[in-house]
1. Please indicate, with yes or no, whether at least one residue in region 30-51 is out of contact with any strand residue (DSSP E or B) (no Cβ under 7 Å at 6 or more places or on another chain), surrounded by 12 or more Cβ atoms within 10 Å (Cβ to Cβ) and acidic (Asp, Glu).
2. Scan region 78-123 for residues that are closer than 23 Å to LEU60 by Cα, not in a loop (DSSP other than H, G, I, E, B) and not hydrophobic (A, V, I, L, M, F, W, C) and jot them down.
3. Check whether at least one residue in region 130-137 is within 18 Å of the chain's Cα centre (by Cα), exposed (fewer than 10 other Cβ atoms within 10 Å of the Cβ) and modelled with pLDDT under 85, and report yes or no.
4. If the requirement is being crowded, with 16+ Cβ neighbours inside 10 Å and either over 22 Å from the mean Cα position of the chain (by Cα) or of a type in the set (D, E, K, R) (or both), which of these qualifies: GLU105, GLU65?
5. Out of all the residues in region 59-77, is one or more touching a residue at least 60 places away in the same chain (Cβ under 8 Å) and assigned to a loop (DSSP other than H, G, I, E, B)?
Amino acid sequence: MQYGFEKFEGRADIAGAVLVKLFHLLALFAIGGATVWSAAHAFLGMVENGRAEIADILLLFIYLELGAMVGIYFKTNRMPVRFLIYVAITALTRLMVEIISVTHEADLAVIMISSAILLLAFAELVLRYGSVKMPISGGPEEIADRPNSQSSAKRPD
């Protein structure tokens, strides 16, 4: 009886792993498709208006960062937290540009948004420093930040 249950449990684990992987793939394709669709819609809106304002360009950068994040996750199964910080910084910058373009003055909201951007930039610095100075073997990492990585491998002289 115990052997039959272990056999069933092993098959259930395999089925669960397949379903989770399938869900990840479907969700990635949906998110990627929605990102491309939204970026195309925003771009066509700029074409229709006959001009692109700085807020529109920053919005396209947000879509670019989201697309890159989906691509990295698709290839590595790792969520690049740093890209989320980049998206947040870009979104806050876009908000600040929109506030300034309406009010034409730097008020408390602009100072608070600038402070939030500075805090996010500091968080990025801490993450980058941590990934270089305190690596986790076999853990999520960004190879470009690593000393002695393949990108900085010894080149023939």
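1. Checking region 30-51: not a single residue is out of contact with any strand residue (DSSP E or B) (no Cβ under 7 Å at 6 or more places or on another chain), surrounded by 12 or more Cβ atoms within 10 Å (Cβ to Cβ) and acidic (Asp, Glu).
2. ARG82, TYR86, THR90, THR93, ARG94, GLU98, SER101, SER114
3. No, because not a single residue in region 130-137 is within 18 Å of the chain's Cα centre (by Cα), exposed (fewer than 10 other Cβ atoms within 10 Å of the Cβ) and modelled with pLDDT under 85.
4. Step by step, each of GLU105, GLU65 is checked, and only GLU65 is crowded, with 16+ Cβ neighbours inside 10 Å and either over 22 Å from the mean Cα position of the chain (by Cα) or of a type in the set (D, E, K, R) (or both).
5. No, because not a single residue in region 59-77 is touching a residue at least 60 places away in the same chain (Cβ under 8 Å) and assigned to a loop (DSSP other than H, G, I, E, B).
The values are calculated or read from the model by the stated rules, or taken from the named source; none is laboratory data. The structure presented is a predicted model; accordingly, all values stated were derived computationally and were not measured. Using ideal geometry, Cβ is built from the backbone for each residue, glycine included, and neighbour counts are taken over all protein chains shown.
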